[in-house]
Amino acid sequence: MISFTRFYKDIAENQLQGWLEHLPSKLAAWQREHKHGALPKWEKVLAKLNYPTPDKLDFKSSVTVGSGEQLADGPKEKLENLLQLLHPWRKGPFYVHGIHIDTEWRSDWKWDRVLPHISSLENRTVLDVGCGSGYHMWRMYGEGAKFVVGVDPSSLFLCQFEAIKRLAGEDLPVHLLPLGIEELPPYDAFDTVFSMGVLYHRKSPIDHLLQLHDQLRDGGELVLETLVVEGDENTVLVPNDRYGKMNNVWFIPSVAALELWLKKCEFKDVRCVNLDVTSLDEQRATNWMRNESLVDFLDTDNPQLTVEGHPAPRRATFIAVK
Ligand SMILES: Nc1ncnc2c1ncn2[C@@H]1O[C@H](C[S@+](CC[C@H]([NH3+])C(=O)[O-])CC(=O)[O-])[C@@H](O)[C@H]1O
């Protein structure tokens, strides 16, 4: 069973120790009430991941665990089969003992767009809201962050994260909690808070911005990445049904509108640092994600539009200070 004991031990010694009042009961409730039917199957996979301490770890230029020379072909194939049981792998890529987990998303490309614009993560305590499988958390750790916490309610992503962590080293100061941002007690503790790919999934985007604000210390940095549309500060797309076949998309503001929202939520030095239209090479089906992907979400006659006729995904990154 997935345990959070190590996380509690780590936070008892840092500025998050106040979380010990609230989080054990929330995580115990998750363990008690969690009903994802496949969780026992995924936990069995985790229990089988007993592999040698890797001879190589790289989190700075990729997420690589093991050089690929420690395992013979048989054990390597067995490991690959185990990791495939955690399908679909969406955010990555990961290189594990020579196995290339070629995920749906090239999350490394997003990281390359974001990294040049943020304050150094050296020695920082970092929160990654909606961290998915934790890909970017490893890259944050690779940039020198001293403690990285991610929150994401998906149990599959938790298991994918735990798989990488078990293979990389249980004592690394990188943790994923299966909670929504709204479940975290406000604590003004983080030096940097990331929210990437989450805002459009929230029913109340202003509340989301306020919750991010609540997690930052004064002077801390917000890194916000989300879908945007073209338009002025009063332009917001609220899809009447699905957006790119997703049924959980609520608000897609323009850059100007989101800058205004951030300022209204008392963020300072608000800047949009990157704008990018998602390419078919960045999000695609692979052997590790065999379901539909971006090409199936766009209009075949006009790829500038989604199948519903909305503007195709365009993403912006914002930096702001509390
Ligand atoms: N209330 C919530 N609190 C926290 N997380 C949530 C919540 N609701 C949904 N999520 C999580 O937010 C993530 C959004 S994906 C971005 C991944 C990564 N950040 C990336 O930038 O590649 C983008 C996408 O797939 O559209 C998912 O993992 C959800 O489970």
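In whole Hz and in residue order, list the ³J(HN,Hα) couplings for segment 302-319 that follow from phi through the Karplus curve 6.51 cos²θ - 1.76 cosθ + 1.60, θ = phi - 60°; x for Gly and Pro.
Taking θ as phi minus 60°, the curve returns 9, x, 7, 10, 6, 4, 8, x, 7, x, 4, x, 10, 10, 10, 10, 10, 10 Hz for segment 302-319.
For Leu176, what residues show an amide H to amide H distance below 5 Å, using hydrogens built from the backbone and excluding near sequence neighbours?
Gly150
What does DSSP give for segment 4-321 in terms of the percent of beta bridges that are antiparallel, rounded to the nearest 5?
Values: 26 of 50 bridges.
Antiparallel bridges make up about 50 percent of those DSSP assigns within segment 4-321.
Can you run phi through the Karplus equation (6.51, -1.76, 1.60; θ = phi - 60°) for segment 244-257 and list ³J(HN,Hα) in whole Hz, with x for Gly and Pro?
So the Karplus estimates, Gly and Pro as x, are x, 6, 8, 9, 10, 10, 10, 10, 10, x, 7, 4, 5, 5 Hz.
For the chain, what is the Kirkwood estimate of the hydrodynamic radius, computed as the reciprocal of the mean inverse distance between distinct Cα atoms, to one decimal in Å?
Details: mean 1/r = 0.0490 Å⁻¹.
By the Kirkwood definition, the hydrodynamic radius is 20.4 Å.
Using amide H atoms built in the peptide plane, which far-off residues or other-chain residues are under 5 Å from Leu305 H to H?
Asp299, Ala312
Rank these by accessible area, largest first, 1.4 Å probe: Tyr8, Tyr135.
Details: Tyr8 55, Tyr135 5 Å².
Result, largest first: Tyr8, Tyr135.
Just subtract the alpha-carbon distance of Val273 and Thr53 from 0.36 nm times their residue separation and send over the number in nm, one decimal. Don't skip to the answer; put the middle values down first.
On the way: separation 220, 0.36 × 220 = 79.20 nm, distance 3.91 nm.
Separation in residues times 0.36 nm, less the Cα-Cα distance, equals 75.3 nm.
Give me P(r) over segment 1-134, computed from all C-alpha to C-alpha distances, binned every 10 Å, as integer percentages.
Reading the bins upward from 0: 9, 29, 36, 24, 2.
Sorted by accessible area with a 1.4 angstrom probe, largest first, how do Arg6, Arg166 fall?
Values: Arg6 100, Arg166 70 Å².
Order by accessible area, largest first: Arg6, Arg166.
Return the Rg/Rh value of segment 1-67, two decimal places, where both radii are evaluated on C-alpha atoms and Rh is the Kirkwood radius.
Numbers: Rg = 16.0 Å, Rh = 14.9 Å.
Radius of gyration over Kirkwood radius for segment 1-67 works out to 1.07.
Under 8 Å for C-alpha pairs, at least 6 residues apart: give me the relative contact order for segment 4-321, rounded to a whole percent. If you can, show how the numbers build up before the last one.
On the way: 628 pairs, mean separation 51.3, N = 318.
The value is 16 percent.
Taking 8 Å as the Cα distance limit and 6 or more residues as the minimum spacing, I'd like the relative contact order of segment 1-108 as a percentage. Let's see the in-between values first.
Values: 98 pairs, mean separation 19.7, N = 108.
Averaging sequence separation for qualifying contacts and normalising by length gives 18 percent for segment 1-108.
If you keep only loop residues by DSSP, which trypsin sites (Lys or Arg not before Pro) in segment 39-143 have at most 16 other Cβ atoms within 10 Å of their Cβ?
Working: sites: Lys41, Lys44, Lys48, Lys56, Lys60, Lys76, Lys78, Arg90, Lys91, Arg106, Lys110, Arg113, Arg124, Arg139; in loops: Lys48, Lys56, Lys60, Arg90, Arg124.
Within segment 39-143, the qualifying trypsin sites (Lys or Arg not before Pro) (loop, at most 16 other Cβ atoms within 10 Å) are Lys48, Lys56, Lys60.
Ordering Glu21, Glu43 by how much accessible area each has at a 1.4 Å probe, largest first, what is the list? Walk me through the intermediate numbers first.
On the way: Glu21 150, Glu43 45 Å².
Correct descending sequence by accessible area is Glu21, Glu43.
Ignoring everything but the protein chains, give the 1.4 Å probe accessible area of Thr103 in square angstrom, nearest 10.
About 0 Å², rounded to the nearest 10.
Output ³J(HN,Hα) for segment 51-57: one whole-Hz value per residue in order, computed from phi by the Karplus curve 6.51 cos²θ - 1.76 cosθ + 1.60 with θ = phi - 60°, and x for Gly and Pro.
After applying 6.51 cos²θ - 1.76 cosθ + 1.60, I find 10, x, 4, x, 7, 8, 10 Hz.
Based on alpha-carbon positions alone, could you give the equivalent ellipsoid semi-axes of segment 245-300 from the gyration tensor, as √(5λ), descending, whole Å?
On the way: eigenvalues 197, 36, 23 Å².
Working from the Cα gyration tensor, I get semi-axes of 31, 13, 11 Å.
Given a 1.4 Å probe and the protein chains all in place, what does the accessible area of Met246 round to, in Å² to the nearest 10?
The accessible area of Met246 comes to roughly 70 Å².
At a probe size of 1.4 Å, how large is the accessible area of Glu266, to the nearest 10 Å²?
130
Could I have the simple spin-label model distance between Arg314 and His22, label points 7 Å from Cα toward Cβ, reported in nm to one decimal?
Reported label-point gap for Arg314 and His22 is 3.7 nm.
The values are calculated or read from the model by the stated rules, or taken from the named source; none is laboratory data. Note that the structure is a prediction, hence the values are computed from the model and not measured. Note: ideal-geometry Cβ built from the backbone for every residue, glycine included; neighbour counts use all protein chains shown. Each accessible area value is taken on the protein alone, full model and side chains, heavy atoms only, with ligands, DNA and RNA left out. Shrake-Rupley method; radii C 1.70, N 1.55, O 1.52, S 1.80 Å.
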